[in-house]
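**Student:** Here it is: the structure, laid out below.
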Amino acid sequence: MTITVHTARTIVTMDQARPVAEAVAVDGERIVAVGSLAEVLDAIGDAPHVVDDTLADHVVLPGLIDQHLHPILGATTLATEVIATEDWVLPDRTYPAAHSHDEYVAALRAADERTRADGAGDDDWLFSWGYHRLWHGELGREVLDTISDVRPIGVWQRSCHEFHANTPALRALGVLDDDWGADLPDDVRDTADVDTGHFRERGFFVAIFPLLSPMLFTTERLTRGLRQMVRYLHQNGVTAFNEPGAILPPGAWDLYREILGHDDTPFFSYFLTDGRGPAELGMSHDDTLARAVRQYEMAPDTSSAASRLAFFPEQAKLFADGAIISQLMQMRDPYLDRDGAPNPDHHGEWIMPPEMFEERAKLYWEAGFQLHVHVNGDLGLDLVLDTVEQRLREHPRDDHRTVIVHFANSTEEQIDRIAALGCIVSSNPYYPVGFADKFGEVGLGPERADVMTRNRSVLTRGVPLSFHSDLPMGRSDPIGMMSCAVNRITQSGRVAAPEQRIGIEAALRAVTIDAAHSWRKESELGSIEVGKIANFTVVDRNPLDVDPMGLDEIDVVGTVFCGRWFPVPDDARGRTSLARSSGLTPVAAGDPHLDHAGCICDVAREVMRHVA
């Protein structure tokens, strides 16, 4: 096989022994030499080779990584008419943000008119995702009926935990039948408001979701959405992602293999086993571990393009407390009302009750698994750290690498414990950017809200730090995530906890080598070194040379995946950087009084069940 020698304006290797280079040689899927052009040519000697200058005017980074996202949920939501509080820049179109009730209604009406012009009729559903009451006002059945009183309209709320329907939609679902709901439990009926067409939590998931599934999760929509997501991740430079706690109903893996496993998909799609579902089902310890083994054997990781779709061996996802978007984190101190007084009616929730969490953590720990733990509140973090401490005391392990996932609220003392216990952190860096202003007004108060995701404190202790988007919780844009962590500029334009800003190099590590470390893939991914997989993200300027605000202006030119060049189409280049630099807000904060503990990860589980 002929070796390809790529030259570049600069190669940022993230290898401390050689931070920069000007050439890299690739033999098949692997890197065989890195250095100056002369050094690389000397290293490959007389081996057949070609010098490729395609990247000569650009900057080459290690392949960027999104440590945690949800492919089916991202595919489904972004395959609707997106009307959100921020622009969503997708490969074929940009969905402009709506910042008020009038803007939202106008955008939904325009979507109805546009889809009708494309051939949709009165019987064809119009689905939209992204609505949020704090920005878009009340959205009752009567409002939706003014857009159309003949065509079914369904609005999936931004958190994916609520749904709004017009009268034709309710009629199509059979909800207006006289006997509908008679056999539903009280807690479901209490969260299903037929008069307003508003269904939340169990009223949505139990009463409405099964009825919607044939329309919302069609094979055509899922296929189109996944193909769009492939192009979306590619235009943002993503070369690997992980879905933690994967739920795989019949048919889902076949769809993944067809699209995510296709030869033209330029990234790795990794999965790890769900630890919560077997616990809730009361599955025995032996059956739980056997299930994890079966999943890995179904798609083993061979660290090659042939296994671009794979399960990580002996890694499991567990859940502690509730979601940040709904302010249901378990907090040490009380939640606050708008006057700054403790609110006795607002409290956090556990997703896995502490006894269940501890029991399943013990099971996986003693079986040698690495744990990835969803946790958002400081009281929730106490549970996780106490559990790890007990596991270490009873069953010592070296390099257990337990991942603290999301990491919204913490204290300095807890970060000391994270370091002492050998845990690592995967942070959601836009929490303070998107939530600090609103959560400072109600719920947490300004002091706690501003210091969400104490990334600088993590790094000061020498704890490895990675970043994730949790798509569709946030946009899967690793350079955008870097900007959030480096700048911490909120929706109002201020800097939240400036002492928690981190440097650009540390932020780049969080979407390259330290993200790979969180998966135990640092010997294969995350840096440009001899022997590693040839995954590169190619950009138009060096992030290490730009001003912090200049991160938002960096364009992805293309990616190299397993040695193969995948350029971003000319008409897609610049779209993401334009969205970043326009001052658009990330995900909107949720209603602090919702009665659920779940998060986007939770919704992804429900979606996968209904996909079946």
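**Student:** Answer with yes or no whether C423 is among the hydrophobic types (A, V, I, L, M, F, W, C), open to solvent by 20 Å² or more (accessible area, probe 1.4 Å) and farther than 20 Å from S159 by Cα.
**Tutor:** no
**Student:** For the list (1) open to solvent by 20 Å² or more (accessible area, probe 1.4 Å); (2) assigned to a loop (DSSP other than H, G, I, E, B); (3) aliphatic (A, V, I, L, M), I need the number of the one condition that L459 fails.
**Tutor:** Answer for L459: the failing condition is (2).
**Student:** While we're here: Residues of the stretch 151-166 being outside any strand (DSSP E or B) and of a type in the set (S, T, N, Q), which ones?
**Tutor:** S159, N166
**Student:** Within the stretch 53-79, track down each residue that is over 18 Å from the mean Cα position of the chain (by Cα) and part of a loop (DSSP other than H, G, I, E, B).
**Tutor:** Scanning the stretch 53-79 gives D53, T54, L55, A56, D57, H58.
**Student:** Now for a separate question. Given (1) under 30 Å from T411 (Cβ atoms); (2) in contact (Cβ under 8 Å) with a residue 40 or more places away in the chain; (3) over 21 Å from the mean Cα position of the chain (by Cα); (4) surrounded by 18 or more Cβ atoms within 10 Å (Cβ to Cβ), identify the lone condition not met by G340.
**Tutor:** Every listed condition holds for G340 apart from (4).
**Student:** Restrict the check to the stretch 89-102 and report whether at least one residue is at pLDDT 95 or above and not polar (S, T, N, Q).
**Tutor:** yes
**Student:** Restricting to the stretch 487-501, name every residue that is of a type outside the set (D, E), surrounded by fewer than 24 Cβ atoms within 10 Å (Cβ to Cβ) and modelled with pLDDT of 95 or more.
**Tutor:** N487, I489, R494, V495, A497, P498, Q500, R501
**Student:** Among the numbered criteria (1) crowded, with 24+ Cβ neighbours inside 10 Å; (2) of a type in the set (D, E); (3) in a helix (DSSP H, G or I); (4) at pLDDT below 95, which single criterion is violated by D514?
**Tutor:** Only one criterion is unmet by D514, namely (4).
**Student:** Hey, does the stretch 128-135 have a residue that's aliphatic (A, V, I, L, M), over 30 Å from G434 (Cα atoms) and open to solvent by 40 Å² or more (accessible area, probe 1.4 Å)?
**Tutor:** no
**Student:** As an exercise: evaluate V89 against (1) open to solvent by 30 Å² or more (accessible area, probe 1.4 Å); (2) closer than 22 Å to R221 by Cβ; (3) in contact (Cβ under 8 Å) with a residue 12 or more places away in the chain and give the number of the one condition it does not meet.
**Tutor:** Going through (1) open to solvent by 30 Å² or more (accessible area, probe 1.4 Å); (2) closer than 22 Å to R221 by Cβ; (3) in contact (Cβ under 8 Å) with a residue 12 or more places away in the chain one by one, V89 breaks only (1).
**Student:** Of the residues E29, E81, which single one is surrounded by fewer than 19 Cβ atoms within 10 Å (Cβ to Cβ), of a type outside the set (A, V, I, L, M) and in contact with a helix residue (DSSP H, G or I) (Cβ under 8 Å, 6 or more places away or on another chain)?
**Tutor:** Among E29, E81, only E29 is surrounded by fewer than 19 Cβ atoms within 10 Å (Cβ to Cβ), of a type outside the set (A, V, I, L, M) and in contact with a helix residue (DSSP H, G or I) (Cβ under 8 Å, 6 or more places away or on another chain).
**Student:** Report yes if some residue within the stretch 401-411 is surrounded by fewer than 24 Cβ atoms within 10 Å (Cβ to Cβ) and either at pLDDT below 95 or over 16 Å from the mean Cα position of the chain (by Cα) (or both); otherwise report no.
**Tutor:** For the stretch 401-411, residues surrounded by fewer than 24 Cβ atoms within 10 Å (Cβ to Cβ) and either at pLDDT below 95 or over 16 Å from the mean Cα position of the chain (by Cα) (or both): present.
**Student:** Okay, moving on. Pairs under 9 Å by beta carbon, first residue open to solvent by 30 Å² or more (accessible area, probe 1.4 Å) and of a type outside the set (F, W, Y) in the stretch 102-118, partner at pLDDT 95 or above and part of a helix (DSSP H, G or I), six or more apart or different chains?
**Tutor:** Between residues of the stretch 102-118 that are open to solvent by 30 Å² or more (accessible area, probe 1.4 Å) and of a type outside the set (F, W, Y) and residues that are at pLDDT 95 or above and part of a helix (DSSP H, G or I), the close pairs are R109/T146; R109/I147.
**Student:** Go through the residues of the stretch 350-367 one by one and say whether even a single one is open to solvent by 20 Å² or more (accessible area, probe 1.4 Å), at pLDDT below 95 and farther than 30 Å from D398 by Cα.
**Tutor:** No, the stretch 350-367 contains no residue that is open to solvent by 20 Å² or more (accessible area, probe 1.4 Å), at pLDDT below 95 and farther than 30 Å from D398 by Cα.
**Student:** Taking only the stretch 447-486 into account, find how many residues are modelled with pLDDT under 95, of a type in the set (A, V, I, L, M, F, W, C) and more than 14 Å from A408 (Cβ to Cβ).
**Tutor:** 1
**Student:** Go through the stretch 267-287 and report how many residues are surrounded by 22 or more Cβ atoms within 10 Å (Cβ to Cβ), under 17 Å from W365 (Cα atoms) and not small (G, A, S).
**Tutor:** Of the residues in that region, 4 qualify.
**Student:** Which one is surrounded by the most Cβ atoms within 10 Å (Cβ to Cβ), of the residues in the stretch 137-170 that are modelled with pLDDT under 90, on the phi < 0 side of the Ramachandran plot and touching a helix residue (DSSP H, G or I) at 6+ places or on another chain (Cβ under 7 Å)?
**Tutor:** Taking the candidates together, the pick is H161.
**Student:** Which one is farthest from V60 (Cα to Cα), of the residues in the stretch 517-531 that are open to solvent by 20 Å² or more (accessible area, probe 1.4 Å) and not hydrophobic (A, V, I, L, M, F, W, C)?
**Tutor:** R520
**Student:** Working carefully through the options V433, V442, find the one that is in contact (Cβ under 8 Å) with a residue 40 or more places away in the chain, within 19 Å of L134 (Cβ to Cβ) and surrounded by fewer than 23 Cβ atoms within 10 Å (Cβ to Cβ).
**Tutor:** That would be V442, the only listed residue that is in contact (Cβ under 8 Å) with a residue 40 or more places away in the chain, within 19 Å of L134 (Cβ to Cβ) and surrounded by fewer than 23 Cβ atoms within 10 Å (Cβ to Cβ).
**Student:** Looking at T94, T76, can you tell me which residue is open to solvent by 20 Å² or more (accessible area, probe 1.4 Å) and in contact (Cβ under 8 Å) with a residue 40 or more places away in the chain?
**Tutor:** Exactly one of T94, T76 is open to solvent by 20 Å² or more (accessible area, probe 1.4 Å) and in contact (Cβ under 8 Å) with a residue 40 or more places away in the chain, namely T94.
**Student:** How about the stretch 502-511: which of its residues are surrounded by fewer than 19 Cβ atoms within 10 Å (Cβ to Cβ) and in a helix (DSSP H, G or I)?
**Tutor:** Those that are surrounded by fewer than 19 Cβ atoms within 10 Å (Cβ to Cβ) and in a helix (DSSP H, G or I): E505, A506.
**Student:** Within the stretch 532-571, how many residues turn out to be outside any strand (DSSP E or B) and either closer than 16 Å to V238 by Cβ or open to solvent by less than 40 Å² (accessible area, probe 1.4 Å) (or both)?
**Tutor:** Counting residues in the stretch 532-571 that are outside any strand (DSSP E or B) and either closer than 16 Å to V238 by Cβ or open to solvent by less than 40 Å² (accessible area, probe 1.4 Å) (or both) gives 16.
**Student:** From H49, H68, grab the single residue that is open to solvent by less than 60 Å² (accessible area, probe 1.4 Å) and closer than 30 Å to I513 by Cβ.
**Tutor:** H68
The values are calculated or read from the model by the stated rules, or taken from the named source; none is laboratory data. For clarity, every value in this text was computed on a predicted model and none was experimentally measured. In this analysis, Cβ positions are derived from the backbone assuming ideal geometry, glycine residues included, and neighbour counts consider all displayed protein chains. These area figures cover heavy atoms from the full protein model, side chains too; ligands, DNA and RNA do not enter into them. Shrake-Rupley method; radii C 1.70, N 1.55, O 1.52, S 1.80 Å.
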